[in-house]
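Inspection log for the structure reproduced underneath, given as structure tokens.
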Amino acid sequence: MIRILQLTDLHVFCESDQRLKGIPTRETLQEVVAWICDKEAPFDHLIVTGDHTHDEQADSYKAVQQILSPWSDRIWQVPGNHDDREILRSVFADRISGQNADPVRFCFADEGWLCVGLDTHLPGEVAGRIEPEQLNWLRNLIVESPKSQVALFLHHPPVDVGSEWMDRIGLRGRDGLQQLISEESRIGLVCCGHVHHEFESQIGSAKVYATPSTGIQFNPAGAVANFAADAPGYRVIEVGPEGFSTHVVRLPEVRYAPVAD
Ligand SMILES: [Fe+2]
């Protein structure tokens, strides 16, 4: 069995004390990291599913790199809407292959599982997009690993999440991804960010999960964006020959409540 931690939607600013709707996102990320170091069992991989920063500045990415440095040998990343591929790639050059604005994606195999990160970033948009080229890339990886179970990691969820305002900024081109997941029964697990709260759904035989942010939490209710006074969190995923299990961990205290602008 291998243990994977998913962190998502860090939204760090280059100014260390800058807040997002009242939430000091750099501080909450540091609190999550301190909690993991102190309380969490050892783990094999750390996957960040996008929105590393809120302002997409190089200094913000460097701050994220420094905060996550305990796991610089096991970090895997995909971008969110609040990311800049070129800056993300340049700061995490040791871990991200490709050049310039190429898709930021990953693939690794461990304990009979093929873990694949997909890039859904669509420059200039809050919504995401998955292109046929990337679906072909994914399809080929799966064919080349005929005995593996498959887990996918991406920022934008490939399903509606029951939130009117969030579903307006979802994943374009998702029909092709849904079809691939439905047709390939070895894809058992799909883990996403973007929605900033815990959510569970299903495509075919695959479970789809969204994970709380390490910073600000969204409230899915309502027609416009609104925020929840919930604690920062992350997801634990354990995979092995028998399948997988997963759960969300939230910090025990709500130290900061969101505020209106
Ligand atoms: Fe986000």
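The values are calculated or read from the model by the stated rules, or taken from the named source; none is laboratory data. A quick note: this is a predicted structure, and the numbers were derived from the prediction, not measured. Cβ: placed from backbone, ideal geometry, glycine included. Neighbour counts: every protein chain shown. What goes into the accessible areas is simple: the full protein's heavy atoms, side chains included, and nothing from ligands, DNA or RNA. Shrake-Rupley method; radii C 1.70, N 1.55, O 1.52, S 1.80 Å.
The residue pairs whose first member lies in region 67-83 and is over 19 Å from Arg105 (Cβ atoms), whose second member is within 16 Å of the ligand (Cβ to nearest atom), and whose beta carbons are closer than 6 Å, counting only pairs six or more residues apart or on different chains, are Ile67/Leu29.
Filtered by the rule that a residue be under 18 Å from Ile216 (Cα atoms), within 15 Å of the chain's Cα centre (by Cα) and open to solvent by less than 10 Å² (accessible area, probe 1.4 Å), region 51-78 gives Asp51, His52, Thr53, Val64. Taken as a whole, the structure leaves Arg139 outside the set of residues that are open to solvent by 50 Å² or more (accessible area, probe 1.4 Å) and either within 16 Å of the ligand (Cβ to nearest atom) or under 18 Å from Thr8 (Cβ atoms) (or both). Somewhere in region 136-159, is a residue under 19 Å from Tyr209 (Cα atoms), outside any loop (DSSP other than H, G, I, E, B) and in contact with a Pro (Cβ under 8 Å, 6 or more places away or on another chain)? No, there is no match, as no residue in region 136-159 is under 19 Å from Tyr209 (Cα atoms), outside any loop (DSSP other than H, G, I, E, B) and in contact with a Pro (Cβ under 8 Å, 6 or more places away or on another chain).
Just one residue in the set Gly188, Gly176 is open to solvent by less than 70 Å² (accessible area, probe 1.4 Å), more than 16 Å from the ligand (Cβ to nearest atom) and over 18 Å from Val78 (Cβ atoms); that residue is Gly188. For region 71-101, a tally of residues being over 15 Å from Leu10 (Cβ atoms) and of a type outside the set (Asp, Glu) returns 13. When the helices (runs of 4 or more DSSP H) confined to region 1-95 are screened for residues that are within 14 Å of the ligand (Cβ to nearest atom), those reaching at least 2 such residues are found at 25-39, 58-67. When region 96-122 is examined, which residues are found to be within 16 Å of Val48 (Cα to Cα), among the small types (Gly, Ala, Ser) and assigned to a strand (DSSP E or B)? Hit for region 96-122 is Gly117, nothing else.
The rows are residues; the columns are (1) out of contact with any strand residue (DSSP E or B) (no Cβ under 9 Å at 6 or more places or on another chain); (2) surrounded by fewer than 15 Cβ atoms within 10 Å (Cβ to Cβ); (3) farther than 17 Å from Pro158 by Cα.
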site	(1), (2), (3)
His197	no, no, no
Glu200	no, yes, no
Tyr209	no, no, no
Ser213	no, no, yes
Ala225	no, yes, yes
Ile237	no, no, yes
Gly240	no, no, yes
Phe244	no, no, yes
Arg250	no, no, yes
